[in-house]
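Enquirer: Shown below is the structure under consideration.
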Amino acid sequence: MKRKSPKYKHIIELVLFIAAILVINLVAGFKFFRLDMTEEKIHTLNDKTKEYLSEEVDDVINVVIYLNGNELPPIIQKFRQAIKDKLDEFKAYAGNNIKYTYVDINEDPKLTKKYKQTFNEKGVSGNIIQHQEKGAAKMVEFYPIVEVRQGSNSKFIDFMGDMVDVSPYYVDQKLNTIEYEFLSAFNTISGKPKPTVSLLRGHGELKNIETISVYNQLKNFYILDTVRIIKQPKDSLQAPKEDLNALDKTDVLIVAKPQKPFTEKELFILDQFIMKGGKIIWSIDMIDDHEDSLAIPGTFYTFSETNDYLDNLEKMLYKYGAGIKKNFVSNQVCAPQYRYDMREESYWNPYYYDNFKNKKPIEPIIKQWYPFPCVTKEGSELTKNIGRVKLKYPSIININNGTNVSKTVLLETDYEYKEWPAITRIRYDERIVFEDLASVEPSGTYFKPKINQEVPTVKQPLAVLLEGEFSTNFPKSLFSPEFLKGMEDANFKYYDKSKKTSMIVIGDGDFLRNDILFSKQGVQPINLGLDYMVSREMIYANAVFLHNCIDHITGNDYLIPLRSRVNMPRFLNSDEILNNRAKWQGINLIIPSIFVLILGLSQWFIRRRKYVK
């Protein structure tokens with residue numbers, strides 16, 4: 001039998017290969033497909049997103065994409081294509097309830113001005129990017145804006161609204177936010193009632209200006225309010241009294257850093273709020289660090305003390321399942337601190353003497369202030385990829401295993417931590433104050449955790465989620481006839497067992513407090529995620545963590561896994577870079593060259609063995 005020539009065989013293989021490519025492209029044109037090789041699967045729809053699209057989107061959503069035009073730079077075209085790809089994926093689960101169209105606002109000069117005016121009214125705007133064209137730099141204006149409509153409701157999405165002049169790297173990073181922004185907008189225009197989140201007032205809690213970051217984080221997702229349990233009567237001659245129904249319109253109550261005691265009747269009202277299914281986030285300081293006293297001239301140290309006026313509240317929390325100990329911890333991973341004795345224009349404590357009697361200036365910023373732990377919880381969906389949460393003198397949570405509710409640790413120390421008693425000397429420097437101010441160690445070293453390698457350490461909880469059915473702390477048998485009569489007059493229904501509900505206990509009252517900058521220009525709140533002393537980038541995840549917590553306890557958890565894609569920190573080890581820079585440069589240069597050389601030699605050896613006899 002005559003064998004087919006190799007040339008004929010190769011032609012058949014080529015034809016079959018081209019035919020296979022054509023079939024694959026034809027199928028791909030009708031069905032969207034993407035192979036996601038990223039570790040976090042950031043280009044794949046999250047399971048919660050699929051669930052939301054399948055079950056919650058019950059009416060047509062029209063999407064108008066204003067990012068259009070023929071002269072967009074390649075990176076912007078990539079972003080536009082990513083929006084289209086994401087909407088195509090949405091349609092696979094929401095069906096015909098997702099529709100989208102493109103609008104080029106520059107196509108008709110008469111309409112361009114109208115579109116821009118509409119954008120300004122809605123608080124969105126365009127961006128500018130530098131683009132190289134024919135060897136010359138060109139500034140290109142574009143509009144990464146999308147309008148989402150459902151019925152009479154609409155919302156504009158500005159994908160790059162936090163900057164005007166953008167770089168290709170910035171645009172590329174924003175690809176991770178597309179799914180989150182769309183789902184957030186879908187939730188806003190759905191018309192479904194929003195839960196009410198109220199901040200408690202009346203006990204010296206954090207002021208409005210101190211929680212502005214929390215407001216900005218939650219305002220598009222929840223109805224935000226403040227509430228007082230003790231009402232001031234219209235008649236000034238009458239004494240204030242507790243309102244049994246004060247919390248009836250609240251779904252989630254935030255108790256942030258109370259600095260005055262609670263009456264037993266107030267605790268009863270909070271208890272019954274829980275029994276009715278209400279959710280509470282407790283952010284409590286059981287100690288006062290008094291660090292601000294170090295700003296007083298001549299004060300080298302102060303002492304922390306216990307907040308005994310909150311004992312009745314702490315006992316109630318412990319009976320629910322998680323109390324707060326009267327201590328604080330220092331942690332190896334921590335935030336910097338701006339020394340109080342260096343904050344005024346005329347520093348009273350500007351220098352120290354070293355061991356050789358030389359005068360040395362004091363740095364105003366302590367780079368590692370160990371009583372300000374930056375913590376997280378590995379494996380938790382609420383903290384995944386959002387960064388670390390900054391706490392200030394946090395106390396350890398005292399978990400009561402004798403209750404039937406479930407306890408989930410949300411934040412915890414690292415293994416390298418140290419526990420300090422409630423009454424501790426607070427100071428910046430290890431120094432002999434009354435002799436010659438000789439500096440022994442760098443500022444803040446006193447609080448540095450010192451680990452005993454022979455004794456294994458266990459991470460300590462700093463925030464705990466309690467879920468289940470709670471028992472009341474106020475049995476009806478303890479009530480006086482007068483109190484029972486007051487409940488009846490107020491049409492107040494008593495419960496001794498709660499519905500299935502939840503609460504979160506955090507051993508730090510400053511958890512939600514954003515810093516405030518006082519200057520000649522006025523009072524300026526600092527974003528809770530920023531550390532203005534060291535960086536202008538978002539570092540801390542306090543506001544995002546709180547948002548995740550509220551979403552979880554209200555059952556609105558579709559966006560939680562998506563925030564881990566939006567806030568995905570990528571930190572290099574600065575110590576490793578500093579100490580082993582040459583080693584890693586050598587590895588990056590030499591290893592690829594060796595790999596290419598081995599590949600080339602292997603190919604040469606295989607061909608030589610095959611063809612040389």
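Enquirer: Where nothing but the Cβ of Lys and Arg (+1) and of Asp and Glu (-1) is charged, how large is the charge dipole of the chain around its Cα centre, in debye to the nearest 20?
Expert: Rounded to the nearest 20 debye, it is 3240 debye.
Enquirer: Need one number: the % of Cα-Cα pairs in segment 79-142 sitting beyond the 13 Å mark. Walk me through the numbers before you get to the answer.
Expert: Values: 1521 of 2016 pairs.
The answer is 75 percent, as a whole percent.
Enquirer: Next up: Rg and Dmax of segment 146-299 over Cα atoms: what are they, in angstrom?
Expert: Computed over the Cα atoms of segment 146-299, radius of gyration and Dmax are 21.3, 66 Å.
Enquirer: Quote the accessible area belonging to residue 501 in square angstrom, nearest 10, computed with a 1.4 Å probe and with ligands, DNA and RNA left uncounted.
Expert: Accessible area of residue 501: about 10 Å².
Enquirer: What are the residues whose amide H is under 5 Å from the amide H of residue 529, where those residues sit 5 or more places off or on another chain and H is modelled from the backbone?
Expert: Sorted by chain and number, the residues that satisfy this come to none at all.
Enquirer: Determine the calculated [θ] at 222 nm for the chain from helices alone, applying -39500 (n - 2.57) to every DSSP H run no shorter than 4 residues and normalising by the residue count; nearest 500 deg cm²/dmol.
Expert: -9500 deg cm²/dmol, from helical runs alone.
Enquirer: While we're here: Rounded to the nearest 5, what % of DSSP beta bridges with both residues in the chain are antiparallel?
Expert: That works out to approximately 70 percent antiparallel.
Enquirer: Under the √(5λ) rule applied to the eigenvalues of the Cα gyration tensor, what semi-axes describe the equivalent ellipsoid of segment 121-213? Give them in Å, descending.
Expert: 35, 20, 11
Enquirer: Follow-up. I need two numbers for segment 177-248: Rg to one decimal and Dmax as a whole number, Cα atoms only, in Å.
Expert: Expressed in Å, the Cα Rg and Dmax of segment 177-248 come to 17.0, 58.
Enquirer: Across all directions of projection, what mean area in square nanometres is found for the Cα convex hull of segment 143-182?
Expert: 3.1 nm²
Enquirer: Top to bottom by accessible area (1.4 Å), largest first, where do 388, 149 land?
Expert: Listed by decreasing accessible area, they come as 149, 388.
Enquirer: Please give me the summed charge of the neighbours of residue 461: other residues whose Cβ is under 14 Å from its Cβ, Lys and Arg +1, Asp and Glu -1.
Expert: On the way: positive: 325, 377, 407, 459; negative: 378, 412, 414, 419, 508.
Net local charge, residue 461 excluded: -1.
Enquirer: Calculate log10 I(q)/I(0) of the chain for q = 0.07 Å⁻¹, where I(q) comes from the Debye formula with a single equal point scatterer on each Cα and nothing for solvent.
Expert: For the chain at q = 0.07 Å⁻¹, log10 I(q)/I(0) is -0.61.
Enquirer: Sticking with this one: Could you please tell me the mean projected area of the C-alpha convex hull for segment 445-499, averaged over all directions and given in square nanometres to one decimal?
Expert: The directionally averaged projection comes out at 8.6 nm².
Enquirer: Also, I was wondering about something else. For segment 471-516, what's the radius of gyration and Dmax over Cα atoms, in angstrom?
Expert: In Å, with Rg to one decimal and Dmax whole: 17.1, 48.
Enquirer: For the chain, build the charge dipole from Cβ charges (+1 Lys, Arg; -1 Asp, Glu) around the Cα centre, then report which of 559, 196, 526 sits farthest towards its positive end.
Expert: 559
Enquirer: Follow-up question, since we're still on this one. Can you list the aspartates and glutamates whose alpha carbon is less than 13 Å from that of residue 407, not counting same-chain residues fewer than 8 positions off?
Expert: Output for residue 407: 467, 469.
Enquirer: Let me cross-check residue 515: its accessible surface, 1.4 Å probe, with only protein heavy atoms counted, in Å² to the nearest 10?
Expert: Approximately 40 Å² for this residue.
Enquirer: For the Cα atoms of the chain, what angle does the longest principal axis make with the long axis of helix 6-30, in degrees from 0 to 90, nearest 10?
Expert: Here the helix axis deviates by roughly 40 degrees.
Enquirer: Got a sec to turn the phi values of segment 48-61 into Karplus ³J(HN,Hα) couplings, 6.51 cos²θ - 1.76 cosθ + 1.60 with θ = phi - 60°, whole Hz, x for Gly and Pro?
Expert: 5, 5, 4, 5, 4, 5, 6, 9, 9, 7, 10, 9, 5, 10
Enquirer: Further question on the same structure: Lysines near residue 48 by alpha-carbon distance under 16 Å, same-chain residues fewer than 8 away left out - which ones?
Expert: Once the sequence-local lysines are set aside, what remains near residue 48 is 86, 91, 384.
Enquirer: Using +1 at the C-beta of Lys and Arg and -1 at the C-beta of Asp and Glu, which of 66, 184, 422 has the Cα lying farthest in the positive direction of the dipole of the chain?
Expert: 66
Enquirer: Between segment 278-349 and segment 213-244, how far is it from one alpha carbon centroid to the other, in angstrom?
Expert: 26 Å
Enquirer: When the Kirkwood hydrodynamic radius is evaluated over all pairs of different C-alpha atoms of segment 231-304, what value in angstrom, to one decimal, is obtained? Can you show the working numbers first?
Expert: Numbers: mean 1/r = 0.0644 Å⁻¹.
That comes to 15.5 Å for segment 231-304.
Enquirer: Once you list every other residue whose beta carbon is under 12 Å from the beta carbon of residue 207, what net charge do they have if Lys and Arg are +1 and Asp and Glu are -1?
Expert: Numbers: positive: 201, 257, 513; negative: 205, 210.
Once positives and negatives cancel, what remains is +1.
Enquirer: Give the angle, between 0 and 90 degrees and rounded to the nearest 10, that separates the Cα long axis of helix 178-189 from the longest principal axis of the Cα atoms of the chain.
Expert: So the inclination is approximately 60 degrees.
Enquirer: When all protein chains stay in place, what accessible area (Å², nearest 10, 1.4 Å probe) is found for residue 122?
Expert: Its accessible surface works out to 120 Å², give or take rounding.
Enquirer: If amide H atoms are built 1.01 Å from N in the plane of the peptide, which residues on other chains or at least 5 residues away come under 5 Å of the amide H of residue 470?
Expert: The list, which skips near neighbours in sequence, is 498, 501.
Enquirer: Calculate, in whole percent, how much of the Cα-Cα pair population of segment 278-336 lies beyond 12 Å.
Expert: Details: 1279 of 1711 pairs.
Counting every Cα pair in segment 278-336, those more than 12 Å apart make up 75 percent.
Enquirer: Towards the positive end of the charge dipole of the chain, with charges on Cβ (+1 Lys, Arg; -1 Asp, Glu), say which of 462, 168, 542 has the farthest Cα.
Expert: Sorting the options by dipole projection puts first 168.
The values are calculated or read from the model by the stated rules, or taken from the named source; none is laboratory data. Note that the coordinates shown come from a computational prediction; the quantities given were computed from them, not determined experimentally. As a convention, Cβ positions derive from the backbone with ideal geometry for all residues, glycine included, and neighbour counts pool all protein chains shown. Quick note on the areas: whole protein, heavy atoms, side chains included, nothing else; ligands and nucleic acids left out. Shrake-Rupley method; radii C 1.70, N 1.55, O 1.52, S 1.80 Å.
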